[in-house]
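The values are calculated or read from the model by the stated rules, or taken from the named source; none is laboratory data. In this text the structure is predicted, and so the values were computed from the model without any measurement. Note: ideal-geometry Cβ built from the backbone for every residue, glycine included; neighbour counts use all protein chains shown.
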Amino acid sequence: MHFSDLDLNKPLLKAIFEKNYETPTEIQQKTIPLVLAKKDVIASAQTGTGKTAAFALPILQLLFHQQNANKKQKNIRALIVSPTRELAQQINDEFTDYSKYTNLNSTVVYGGVSIDPQKKVIKKGVDILIATPGRLLDLCKQEIIDLSSIEILVLDEADLMLDMGFIDDIKKIHSLCPAEKQVLLFSATMPSKVVHFAKSLLTNPEIVEIISKKSEATKVKQLLYYVPKPNKIELCLQLLRNTIKGNILIFRRTRKGVDNLEQTLLKNGFKVETLHGEKSQNLRQNALNKFKNNEVNILIATDVASRGIDIEDLDVVINFDIPNVSETYVHRIGRTGRAGKKGTSYSFCSIDEKKYIADIQKTIKKAIPIVEDHPFALKPKVKTKDKTKGKGKDHKKKNSTNTKKGRKSAASKKNKKRWY
Ligand code: AMP
């Protein structure tokens, strides 16, 4: 299939051509005709599948008939709600590219930065608004933004919006828009809470599912390192010095973890940037730009701060902490190995995180290969085997002995020095 088969007009096709897209991705092939037919759509697709263009292109096409409205007479006709600022910015960047040869314009509003410049742009008149929920409601309250002309509402990364506690905000935003509108909902995962939420907001929605994504994520070369928690940093340094090359995204569970790891890596001469929720918007954008422009090759991030961000050409994902939700693991490793490129994930699992591995393996439907040949190995095999065999006290004792042995290994302590 070609973009020209999708009923898109010449100005859009020209912009697509300039982006060097050869063919529409699966989500685009399935979603664009439905949006053009003015259907409500629920689409399960992750970042990296081309989902932004899957809604941006048909929205621009649908709004095209009134594109010549005077700038001052412009009402906001399409609203895209995004959970994170970076994602909102990225969506606006894509709208800007695709609308290049039209008279339609878009802007983005989000919190963490000054509100006044945003007010000015809105007052000048925009067709398409991309927004995070809090700042959007703030501007609605101040009567700077009027949602009464919305024709199309897009809820992007719906699962993340629910996880971040935006449910009431979204309901409010939905109610501020006219009752009659087209609603499109995109979500990386479809747990029942998202389905339930979608049902309450959409009318007879068409469902689009990109099934191949999960198996694509599992094509990434995955490696599992069992390692005592205090040795994770040494293992990480060793791998970064000797084994891992390229652009690397390291996931940590907490902001503090991100900061600590950053300090250690900086002290050891690595070029590092970080992303977490407590960083100001400018600093976050700065960090992301440096990583994207190859000024640094290591980005350390928490899950929420990095979700939805389009980072291309990622060679490696390191799970410094194992996520306690298996879907998160799939998301994380799915950030590498995209578009036929090779990708590798390294997961560092300490004793207290072992319980999450079983769930993850169930989700990805395979066992993650364990790397035992490293100086800090925990000898997990013995424990895994025992777990299935027995439940008694002896079993527990046996495990704890093994673990201690692994921790106290003199060889590993010696090695520790060598690796530094
Ligand atoms: P998204 O899933 O929307 O975050 O898109 C991921 C990346 O894919 C973005 O950098 C887009 O510019 C790019 N992209 C979107 N559609 C296509 C396409 N049809 N062919 C190649 N790249 C695309």
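General remarks:
- Filter result (modelled with pLDDT of 95 or more and either surrounded by fewer than 13 Cβ atoms within 10 Å (Cβ to Cβ) or outside any helix (DSSP H, G or I) (or both)) within segment 25-36: none
Residue-wise test of (1) among the small types (Gly, Ala, Ser); (2) touching a Lys or Arg at 6+ places or on another chain (Cβ under 7 Å); (3) under 10 Å from residue 57 (Cα atoms).
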position	(1), (2), (3)
4	yes, no, no
10	no, no, no
27	no, yes, no
39	no, no, no
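- Among residues of segment 223-234 that are within 10 Å of residue 353 (Cα to Cα), none has a beta-carbon under 8 Å from a residue that is of a type in the set (Ser, Thr, Tyr) and in a helix (DSSP H, G or I) at least six positions away or on a different chain.
- Unmet requirement for residue 17, which otherwise passes all of (1) at pLDDT below 90; (2) more than 9 Å from the ligand (Cβ to nearest atom); (3) not polar (S, T, N, Q): (1)
- Contacts under 7 angstrom Cβ, first residue in segment 116-145 being under 21 Å from residue 94 (Cβ atoms) and in the same structural domain as residue 80 (by TED's automatic domain parsing), partner part of a helix (DSSP H, G or I) and among the small types (Gly, Ala, Ser), 6 or more apart: 130/88; 131/88; 132/88
- Residue 223 meets the conditions (1) within 28 Å of residue 47 (Cα to Cα); (2) buried (at least 22 other Cβ atoms within 10 Å of the Cβ) in every case but one. The failed one is (2).
- Boolean, residue 169 is under 14 Å from residue 80 (Cα atoms) and touching a Lys or Arg at 6+ places or on another chain (Cβ under 8 Å): no
- Pairs, first more than 23 Å from residue 210 (Cα to Cα) in segment 13-27, second among the polar types (S, T, N, Q) and more than 6 Å from the ligand (Cβ to nearest atom), C-beta under 9 Å, six or more apart: 13/4; 15/99; 15/102
- When 264, 302 are checked against the criterion of being more than 16 Å from the ligand (Cβ to nearest atom), in contact with a Gly (Cβ under 7 Å, 6 or more places away or on another chain) and either at pLDDT 90 or above or more than 30 Å from residue 158 (Cβ to Cβ) (or both), a single residue qualifies: 302.
- Number of positions in segment 98-110 that are over 21 Å from the mean Cα position of the chain (by Cα) and either within 13 Å of residue 78 (Cα to Cα) or not hydroxyl-bearing (Ser, Thr, Tyr) (or both): 6
- Unique match (being touching a residue at least 24 places away in the same chain (Cβ under 8 Å), touching an Asp or Glu at 6+ places or on another chain (Cβ under 6 Å) and assigned by TED's automatic domain parsing to the domain that holds residue 181) among 30, 39: 39
- Residues satisfying the stated conditions in segment 1-24, i.e. surrounded by 18 or more Cβ atoms within 10 Å (Cβ to Cβ) and of a type in the set (Phe, Trp, Tyr): 3
- Out of 8, 79, 63, sole residue that is more than 10 Å from the ligand (Cβ to nearest atom) and touching a Pro at 6+ places or on another chain (Cβ under 9 Å): 8
- For segment 37-58, the candidate set comprises residues that are part of a loop (DSSP other than H, G, I, E, B), farther than 9 Å from residue 186 by Cα and near the ligand (Cβ under 9 Å from one of its atoms); within that set, the residue that is modelled with the highest pLDDT is 50.
- If you go through segment 331-343 and keep only what is over 14 Å from residue 247 (Cβ atoms) and at pLDDT below 85, you end up with 331, 334, 339, 340.
- Checked against (1) in contact with a helix residue (DSSP H, G or I) (Cβ under 6 Å, 6 or more places away or on another chain); (2) surrounded by fewer than 22 Cβ atoms within 10 Å (Cβ to Cβ); (3) in a helix (DSSP H, G or I), residue 260 passes all but a single condition, namely (1).
- Restricting 326, 280 to those that are surrounded by fewer than 16 Cβ atoms within 10 Å (Cβ to Cβ), hydroxyl-bearing (Ser, Thr, Tyr), at pLDDT below 90 and not assigned by TED's automatic domain parsing to the domain that holds residue 187 reduces the list to 280.
- The set of residues from segment 138-197 being in a loop (DSSP other than H, G, I, E, B), surrounded by 13 or more Cβ atoms within 10 Å (Cβ to Cβ) and of a type in the set (A, V, I, L, M) comprises 144, 145, 147, 150, 164, 188, 190.
- Search result, residues across segment 268-289 that are within 18 Å of the chain's Cα centre (by Cα) and among the basic types (Lys, Arg): 279, 284
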